Amino acid sequence: MNPVEILSLALGAGFSSGLNLYATVATLGLLQRYGVIHLPAALEILAHPWVLGIAAALYLLEFFADKVPYVDTLWDAIHTFIRPPAAALLAYGAAGAAAPEWRWGAALLAGGVALTSHGTKASARAAVNTSPEPFSNWVLSFGEDLLAVWLTWMATAHPVATTIIVAALVAFSVFILFHLFRFLRRSIDKLLAA
């Protein structure tokens, strides 16, 4: 893989891992298994049937947990400690042939991007959980899953476009997080003033 492909895989898999780690791993594994892409040697293990089976089973568990208000918040809270490190590990493996400083740089970048996308997802879902109807929660969940799979594929097929898309998604995430935290602060101020 050339440096642009490594950067794309680090960013794309990083962002999508922050949304849905198991869909990202399963997508990469399936793309490798069926010869659509050729992952670096360190990531070829993702195509092993056991890894694919575990990723698929955990994806199904997350798929259902993600549809239930407050269960999804608990799931996201637990995955704060799983998604970013796993994204860093994927990026470290993707940069397998690069010099150690580039591998660590890719890992740090992917972990940071995953933490940003995960933080945005978890915050937005917590805000949506205050809505009495379940449909907005389901729509967000389906959208996150589709974005995770699509972005993982994009990272392997269109590296330059993925880099640009992830940069725009990170900027959008920062914008969303800023406004969600402002809303939270105003809500707390109103509660304390009452």
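The values are calculated or read from the model by the stated rules, or taken from the named source; none is laboratory data. None of these values were measured; they are calculated from a predicted model. All Cβ positions, even for glycine, are placed from backbone atoms using ideal geometry, and neighbour counts span all protein chains on display. Just so you know, the surface numbers come from the protein's heavy atoms only, side chains and all, with ligands and any DNA or RNA stripped out. Shrake-Rupley method; radii C 1.70, N 1.55, O 1.52, S 1.80 Å.
Rolling a 1.4 Å probe over the heavy atoms of the protein chains gives the chain an accessible area of 52 Å² per residue.
The magnitude of the dipole of the chain, with charges of +1 and -1 set on the Cβ of Lys/Arg and Asp/Glu and taken from the Cα centre, is near 380 debye.
Out of (1) 153; (2) 123; (3) 111, which label holds the value of volume of the Cα convex hull per residue in Å³ that was computed here? Matching entry in (1) 153; (2) 123; (3) 111: (3). Heavy-atom accessible surface of Glu101, to the nearest 10 Å², is about 120 Å², with a 1.4 Å probe and all protein chains retained. Placing a label point 7 Å from the Cα of Thr73 along the Cα-to-Cβ direction, the residues of the stretch 111-150 with a backbone N closer than 18 Å are 118-141. Given their separation in residues at 0.36 nm each and the Cα-Cα distance between them, Ser187 and Val36 gain 49.5 nm when the chain is fully extended. Calculated [222 nm] ellipticity per residue, helices only, for the chain: -28000 deg cm²/dmol; basis is -39500 (n - 2.57) per DSSP H run with n ≥ 4, divided by all residues, nearest 500.
Going through the DSSP H helices of the chain, which span 27 Å or more along their own axis at the Cα atoms while scoring at least 1.0 as a mean Kyte-Doolittle hydropathy? Walk me through the numbers on the way to the answer.
Numbers: long enough: 100-128 (41 Å, 0.23); 135-157 (32 Å, 0.87); 159-193 (50 Å, 1.48).
Helices meeting the span and hydropathy rule in the chain are 159-193.
Split the accessible area of the chain by element, probe 1.4 Å, and carbon with sulfur accounts for 79%.
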